[in-house]
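Reading through the structure tokens given below for one structure.
The values are calculated or read from the model by the stated rules, or taken from the named source; none is laboratory data. Since the model is a prediction, treat every value here as computed from it, not as a measurement. Counting neighbours? That spans all protein chains shown, and the Cβs are built from the backbone with ideal geometry, glycine included.
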Amino acid sequence: MEKIYVETTIPSYYTAKPNKEPIKHKRQIITRKLMFKDDVVDEVRKARQKIYKECHNDLDAYFAMLNKVGAEFEKESAEILAQKQKRHRRKKAA
């Protein structure tokens with residue numbers, strides 16, 4: 001099983017309550033300013049809110065939709081991978 005490292009410093013600065021230590025508090029302020037200016041983050045937030053509203057603010061429906069989309073993505077990815085492997089085998093055989 002592959003392992004990945006996920007950097008959690010930035011999300012923790014972004015979501016934490018204001019810290020009493022001056023250095024950590026400044027880092028939180030900087031992180032929040034940077035995060036609010038990020039267009040990708042804003043776009044993801046808007047999309048998430050739109051989907052959540054479509055589910056009538058029902059968390060169960062929201063997660064069911066996410067699971068369905070995830071399953072569709074996995075299926076499509078597997079099909080694409082199978083096609084690539086098939087082409088690779090043909091090239092190798094030729």
Report the residue count in region 22-40 for those that are surrounded by fewer than 10 Cβ atoms within 10 Å (Cβ to Cβ) and modelled with pLDDT of 80 or more. 2
Does ILE10 fit the bill of being surrounded by 10 or more Cβ atoms within 10 Å (Cβ to Cβ), among the aliphatic types (A, V, I, L, M), closer than 29 Å to VAL69 by Cβ and at pLDDT below 70? yes
